[in-house]
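Colleague: The structure is given below, and queries will be raised subsequently.
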Amino acid sequence: NSLGFENEQAFDLIGSSRLFLLIGLIYFNMETVYGKTLGKIITGIEIRNANGQKADKVKLTIRFLLKNFYSIIVLITLYVSQKKFLEESDFTIILTLISLVMLAFVFMKPKQTLYDMISGTAVFNKK
């Protein structure tokens, strides 16, 4: 076919994309409507405003988009490294720096990542 895939490979790619999209939509809904995901429910934590009050949907949506922007950066960096625009060591350095910047804020009180600070949220033990 024109994409260079065998029919079965194309079907697997489309099926996987649909499953990924469905899971992403469920995750988006849980986090932006309820302030928690399955993992947060299991561990007894939830996303709230930085002051501990219930976060509104706007803040939760901003947090979700910022948090997943990081994932997009990681995927782009991975893609670029695979195309040999960057050496693997460059990819490792970039990924490490991005991770440190995003996660360094967790050691502050309250425990917040950079995207939590921007969106005005934090993760708290469930009340």
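The values are calculated or read from the model by the stated rules, or taken from the named source; none is laboratory data. The structure presented is a predicted model; accordingly, all values stated were derived computationally and were not measured. Cβ placement follows ideal geometry from the backbone for every residue including glycine, while neighbour counts extend to all protein chains displayed.
Colleague: Out of the residues in segment 8-35 meeting the condition of being modelled with pLDDT under 90 and among the charged types (D, E, K, R), tell me which one is surrounded by the fewest Cβ atoms within 10 Å (Cβ to Cβ).
Modeller: Across segment 8-35, the extreme among qualifying residues is 8.
Colleague: Right, something else. Show the residue pairs that are 6+ apart or on different chains and have beta-carbon atoms under 8 Å apart, the first residue being within segment 43-54 and touching a residue at least 40 places away in the same chain (Cβ under 8 Å), the second being part of a loop (DSSP other than H, G, I, E, B) and basic (Lys, Arg).
Modeller: What qualifies is 44/126; 45/36; 45/126; 46/36; 46/126; 47/36.
Colleague: Turning to a different aspect of this structure: If a residue must be of a type in the set (Gly, Ala, Ser), under 16 Å from residue 119 (Cα atoms) and either touching a Pro at 6+ places or on another chain (Cβ under 9 Å) or not in a loop (DSSP other than H, G, I, E, B) (or both), how many such residues does segment 31-63 contain? Before you say what the answer is, go through the steps one by one.
Modeller: Step one: of segment 31-63, the residues of a type in the set (Gly, Ala, Ser) are 35, 39, 44, 50, 52, 55.
Pick out the ones that are also under 16 Å from residue 119 (Cα atoms) and you get 35, 50, 52, 55.
Pick out the ones that are also either touching a Pro at 6+ places or on another chain (Cβ under 9 Å) or not in a loop (DSSP other than H, G, I, E, B) (or both) and you get 50, 52.
Of the residues in segment 31-63, 2 are of a type in the set (Gly, Ala, Ser), under 16 Å from residue 119 (Cα atoms) and either touching a Pro at 6+ places or on another chain (Cβ under 9 Å) or not in a loop (DSSP other than H, G, I, E, B) (or both).
Colleague: Applying the selection to segment 38-74, what residues are among the polar types (S, T, N, Q) and at pLDDT 90 or above?
Modeller: First, the residues of segment 38-74 that are among the polar types (S, T, N, Q): 43, 49, 51, 53, 61, 68, 71.
Within segment 38-74, 43, 49, 51, 53, 61 qualify.
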